[in-house]
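These notes concern the structure reproduced below.
The values are calculated or read from the model by the stated rules, or taken from the named source; none is laboratory data. None of these values were measured; they are calculated from a predicted model. Here the Cβ positions follow ideal geometry from the backbone for every residue, glycine too, while neighbour counts run over all protein chains shown. When the accessible area is computed, the model is the full protein with side chains, heavy atoms only, and any ligands, DNA or RNA have been set aside. Shrake-Rupley method; radii C 1.70, N 1.55, O 1.52, S 1.80 Å.
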Amino acid sequence: MEVVLTSAKKVQIFADIFRNLKNILTDVNISFSEIGLYIQGMDVTHALLVELKIKKEWFDNYNVTKNITMGINCETFFKILNCLKDDQNIKLNFDEDDDKLSISFSEGESISKDFELNLMEIDAELMDIPEKEYQMDICLKSQEFTDLIKELTIFNDIVTINCDDNSMKMIASGTLGKMNVEIKDADVIEYAIEEDTNLELNFALNFLAKICHFNKLNTDLYFHCSDDTPLKIHYSLDDETSSESQSYCRFFIAPKINE
């Protein structure tokens, strides 16, 4: 197996994914097949699920002829990627007779580096994630959403999200004060909600903050929610931003249940 990234933009995106994955997952299986790369994993609370899918066409060179699943430690992979310089390419090599993933950073004016990452046996079943229609779909700027989440954490660790025909409200209220954000149709790229729908959902802000660390993957993010359903946040990795993109990094957060 050999997988290569030479595009500076895609090298940065790939590195950003795995630099931030350690904040959600300790260890994870990476699956390579003839059609692309796939990762799925849940945090220790089982309330946050991350799914990464990258089609083979996204890579500059993708030579995989059989299904390969390898377990990695996310913290160690993060430390390796921190050795990557801005002008370097990424090359991943794996020999099925070996138990190591070879990682090379080369090209550019920086010194070339080669690493070997010892692989792990990780027993984890993949969840079936059905595609579904949500009651509310919104597309907004990733950095704006990141700033809002950071500000909301001033007052509480839980955010209440209210959605109706006119706007989406995000409220954080605690003993020291309250913040109320109203996002109207004019404030976003897209806003669609089922007619006469009124949603009120609670989510943990620390999960949203972890997802916001991925905001460099795309300038836009798609935000989807329904009653009694995990919130979905979708970053497109394709050149054309879309919630239907074939290569993506997306997250699902279970709502907080009112006691």
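In the range 59-102, the residue that is surrounded by the fewest Cβ atoms within 10 Å (Cβ to Cβ) out of those that are closer than 24 Å to residue 124 by Cα and among the hydroxyl-bearing types (Ser, Thr, Tyr) is 65. Check the range 70-78 and report whether any residue there is in a strand (DSSP E or B) and of a type in the set (A, V, I, L, M). Yes; the residues of the range 70-78 include at least one that is in a strand (DSSP E or B) and of a type in the set (A, V, I, L, M).
Residue 223 meets the conditions (1) closer than 15 Å to residue 254 by Cα; (2) without any contact (Cβ under 8 Å) to a residue 12 or more places away in the chain in every case but one. The failed one is (2). Taken over the range 189-206, residues that are in contact with a Leu (Cβ under 8 Å, 6 or more places away or on another chain), open to solvent by 20 Å² or more (accessible area, probe 1.4 Å) and modelled with pLDDT of 95 or more amount to 0. State which residue is most open to solvent (accessible area, probe 1.4 Å) when the search covers only the range 143-157 and only residues that are free of Cβ contacts under 8 Å to residues at least 40 places away in the same chain and among the aliphatic types (A, V, I, L, M). Going through the qualifying residues, I end up with 154. Look at (1) touching a residue at least 24 places away in the same chain (Cβ under 8 Å); (2) open to solvent by less than 40 Å² (accessible area, probe 1.4 Å) and you find that residue 165 fails only one, number (2).
Of everything in the range 1-46, what is basic (Lys, Arg) and touching a helix residue (DSSP H, G or I) at 6+ places or on another chain (Cβ under 8 Å)? Give them in sequence order.
So the first thing to find is which residues in the range 1-46 are basic (Lys, Arg), and the list is 9-10, 19, 22.
Hits for the range 1-46 are 10, 19, 22.
Restricting attention to strands (runs of 3 or more DSSP E) lying wholly within the range 220-259, give those where 3 or more residues are open to solvent by less than 30 Å² (accessible area, probe 1.4 Å), closer than 17 Å to residue 149 by Cβ and at pLDDT below 85.
On the way: elements: 220-225, 231-236, 248-253.
Correct list: empty, since no element meets the threshold.
Taking every residue in the range 53-68 that is farther than 21 Å from residue 249 by Cβ and pairing it with any residue that is open to solvent by 80 Å² or more (accessible area, probe 1.4 Å), at least 6 positions away or on another chain, the pairs with Cβ-Cβ distances below 7 Å are 65/34. Checking 105, 32, 115 one by one, the residue that is surrounded by fewer than 18 Cβ atoms within 10 Å (Cβ to Cβ) and assigned to a strand (DSSP E or B) is 115 and no other.
Under the condition of being modelled with pLDDT of 95 or more and out of contact with any Phe, Trp or Tyr (no Cβ under 8 Å at 6 or more places or on another chain), the residues counted in the range 167-181 number 5. Checking every residue in the range 48-61 against the condition of being over 22 Å from the mean Cα position of the chain (by Cα), in a strand (DSSP E or B) and over 29 Å from residue 209 (Cβ atoms) gives at least one match.
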